[in-house]
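The values are calculated or read from the model by the stated rules, or taken from the named source; none is laboratory data. All values derive from a computational prediction rather than experimental measurement. Backbone-built Cβ (ideal geometry, glycine too); neighbour counts: all protein chains shown. These area figures cover heavy atoms from the full protein model, side chains too; ligands, DNA and RNA do not enter into them. Shrake-Rupley method; radii C 1.70, N 1.55, O 1.52, S 1.80 Å.
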Amino acid sequence: MNTEILLASLRQVVGGSNVIAGPPDGPALVVRPGTTEAVAECLKLFHAQHAPVVTLGGLTGLVHGTHTPSHYFGISTERLNKIESFDPSSRLLVVGAGTKLEAVHSFAADHDLRYGVDLGARGSCTIGGNIATNAGGNSVIRFGMTRSNVVGLEVVLSDGSILTDLRGLPKNNAGYDLNQIFIGSEGTLGIVTKALLKLSRRPAGTASVLVALNHLNSALVVMEAMERACGNSLLALEIMWSRYFEKVSTALSAETPPLPRGHPIYLLAQVEGVDNGEQAVDSLIGALESIDDIVDTALATTPVQESRLWSIRDGSDVIERAHKHVLSFDVSMRPHDYAAYIADVEARLKARVSNAIAYYFGHLADGNIHFMIGHDGHSSDARRVIEECVYDPLASYEPSSISAEHGIGREKAAHLWRSRSTAEIAAMNRIRAALDPAGILNQHISYEPKSLGARAS
Ligand SMILES: Cc1cc2nc3c(=O)[nH]c(=O)nc-3n(C[C@H](O)[C@H](O)[C@H](O)COP(=O)(O)OP(=O)(O)OC[C@H]3O[C@@H](n4cnc5c(N)ncnc54)[C@H](O)[C@@H]3O)c2cc1C
């Protein structure tokens, strides 16, 4: 490959100031195209040279999907950040892939609407990154994952061809639904450049409640009661185990926390009132009043009170900073299996990595719990051993997954075989080869069958 000629051509396409140095742990050089056509021109150049490419969004992904060897070329979506068009009658919004999730929320709020996907990284992550990872977040219980909130896409394939479906037809069974295959494909099939998003009516008000409980079984009782009583008005139902609540609430609040620390389990629920805010409060109180297992509650009826409760659930970066090394996990299984599974993981960690401290929290209603496990890094194979402690027991709790919402990335590729059959992995690789025959897109994310996976771990 003649790098100088390639660089000169790239500068011609995007302008000299948009060929920049890459992030740490990523490609040495990054281009920042400002239009879909410029993305296509860059890809044609990379394709001709068989040069490996990684797409960079907000860099908030949790599975090292943007961590590549330095000889890769990065394509950043930073300049593809425009709100392109909005149709108030259909509530459909077209945005560039580099638009921040928070900007979509602000746009929606300005039009008295909302966008269903929300997560802690909202200020940094991009719509393209959310689509590439099929991000979930706090309101999957109500709005589904990103897949359910995206109506159309514009995508550039590795050879530079552009697929555009931003028409927003509610029904179109004329052939395959190509949009869906790119959602959750982690940049391995094409680069998303625009998205057509579905907005919906904003509620008149919301209310949240933090509930302290003695056991996970009680959390399941509360969850069922809330789902029954609140139905569609239940926006979120999140869980935090004691260690997580204690660490994060201590770091965040100079004042006393909303509930005393030390309870085994905390549930955080948010409910909406469609016509007025009081409806939300009434349905929360109605759902909880007859449940004996509740130890304590803190009700939040104003936005300020609610954000105080939610800052604890969204404050996982506190854990990131609290330990020299932190490994993140994102497993899913049936909610009622978590008591036994977590006890199993704790016992294995205690026996094998005595300095490891695990924090558990996440999306209980979706059967999706995040584990952040801090350790001192003294043992050179701590990562492998901790991964075994978390992943080995999963097989006893089928159906389960090694990655509920974060994707595979570079970090979890060696464990894909634990959650996908050999036939499924082969089919994924065939789709990939069909859409990116030169294999230039995110080739560091490899979908490996069991024998290779076992060796790589
Ligand atoms: C504090 C915090 C909380 C989080 N909470 C949640 C949560 O609740 N639920 C959840 O699902 N995730 C959560 N995440 C992780 C989540 O996956 C990312 O935040 C987000 O979806 C990734 O967007 P990004 O723009 O940062 O993508 P990046 O990190 O830049 O990229 C992620 C992957 O997508 C690819 N990619 C990026 N843009 C494109 C594009 N336009 N076209 C094709 N491929 C592309 C990249 O190559 C990479 O493989 C959280 C992360 C943080 C830091």
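The table for this structure:
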{"quantity": "Output for the stretch 340-384, where each listed residue is part of a helix (DSSP H, G or I) and of a type in the set (A, V, I, L, M)", "calculated": "340, 342, 343, 345, 347, 349, 351, 364, 365, 382"}
{"quantity": "Test result for residue 229, more than 16 Å from the ligand (Cβ to nearest atom) and within 18 Å of residue 339 (Cα to Cα)", "calculated": "no"}
{"quantity": "When residues of the stretch 246-262 are limited to those that are open to solvent by 80 Å² or more (accessible area, probe 1.4 Å) and part of a loop (DSSP other than H, G, I, E, B), the one modelled with the highest pLDDT", "calculated": "261"}
{"quantity": "Residues located in the stretch 88-111, provided they are in contact with a strand residue (DSSP E or B) (Cβ under 8 Å, 6 or more places away or on another chain) and away from the ligand (no atom under 13 Å from the Cβ)", "calculated": "91, 92, 93, 94, 105, 107, 108, 111"}
{"quantity": "Residue 336 being touching a strand residue (DSSP E or B) at 6+ places or on another chain (Cβ under 8 Å), within 27 Å of residue 416 (Cα to Cα) and either acidic (Asp, Glu) or outside the structural domain of residue 253 (by TED's automatic domain parsing) (or both)", "calculated": "no"}
{"quantity": "Residue, farthest from residue 67 (Cα to Cα), within the stretch 1-33, restricted to residues that are touching a helix residue (DSSP H, G or I) at 6+ places or on another chain (Cβ under 7 Å), assigned to a loop (DSSP other than H, G, I, E, B) and open to solvent by less than 80 Å² (accessible area, probe 1.4 Å)", "calculated": "33"}
{"quantity": "Members of the stretch 183-209 found to be in contact with a Lys or Arg (Cβ under 9 Å, 6 or more places away or on another chain) and among the hydroxyl-bearing types (Ser, Thr, Tyr), listed by number", "calculated": "185, 188, 200"}
{"quantity": "Residue within the stretch 384-398 that is touching a Phe, Trp or Tyr at 6+ places or on another chain (Cβ under 7 Å), in contact (Cβ under 8 Å) with a residue 60 or more places away in the chain and not hydrophobic (A, V, I, L, M, F, W, C) present", "calculated": "yes"}
{"quantity": "Qualifying residue in the stretch 125-141 (condition: more than 26 Å from residue 411 (Cβ to Cβ) and within 14 Å of the ligand (Cβ to nearest atom))", "calculated": "yes"}
{"quantity": "First in the stretch 82-96 and assigned by TED's automatic domain parsing to the domain that holds residue 112, second anywhere and in a strand (DSSP E or B) and of a type in the set (S, T, N, Q), Cβ under 8 Å, 6 or more apart", "calculated": "91/200; 93/85; 94/85; 96/193"}
{"quantity": "Filter result for residue 291 (in a loop (DSSP other than H, G, I, E, B) and open to solvent by less than 30 Å² (accessible area, probe 1.4 Å))", "calculated": "yes"}
{"quantity": "The stretch 1-30 residues that are within 14 Å of residue 78 (Cα to Cα) and touching a residue at least 40 places away in the same chain (Cβ under 8 Å), paired with ones that are open to solvent by 60 Å² or more (accessible area, probe 1.4 Å) and among the polar types (S, T, N, Q) (beta carbon under 9 Å, 6 or more apart)", "calculated": "22/70"}
{"quantity": "Selection from the stretch 148-198 of residues that are touching a residue at least 40 places away in the same chain (Cβ under 8 Å), in a loop (DSSP other than H, G, I, E, B) and either open to solvent by 50 Å² or more (accessible area, probe 1.4 Å) or within 14 Å of the ligand (Cβ to nearest atom) (or both)", "calculated": "157, 158, 159, 183, 184, 185, 186, 187, 188, 189, 190"}
{"quantity": "Residue within the stretch 44-51 that is closer than 25 Å to residue 409 by Cβ and open to solvent by less than 50 Å² (accessible area, probe 1.4 Å) present", "calculated": "yes"}
{"quantity": "Residue 117 being closer than 24 Å to residue 34 by Cβ and open to solvent by less than 20 Å² (accessible area, probe 1.4 Å)", "calculated": "no"}
{"quantity": "Scope the stretch 199-236; condition among the small types (Gly, Ala, Ser), in contact (Cβ under 8 Å) with a residue 60 or more places away in the chain and under 22 Å from residue 115 (Cα atoms); matching residues", "calculated": "200, 204, 205, 207, 208, 236"}
{"quantity": "Evaluation of residue 68 against (1) part of a loop (DSSP other than H, G, I, E, B); (2) in contact with a Ser or Thr (Cβ under 8 Å, 6 or more places away or on another chain); (3) among the β-branched types (Val, Ile, Thr); (4) more than 8 Å from the ligand (Cβ to nearest atom) (one fails), failing number", "calculated": "(2)"}
{"quantity": "Among (1) among the aromatic types (Phe, Trp, Tyr); (2) assigned by TED's automatic domain parsing to the domain that holds residue 107; (3) surrounded by 23 or more Cβ atoms within 10 Å (Cβ to Cβ), the one test that residue 266 misses", "calculated": "(2)"}
{"quantity": "Among (1) within 12 Å of the ligand (Cβ to nearest atom); (2) in contact with a strand residue (DSSP E or B) (Cβ under 9 Å, 6 or more places away or on another chain) - the single one residue 145 does not satisfy", "calculated": "(2)"}
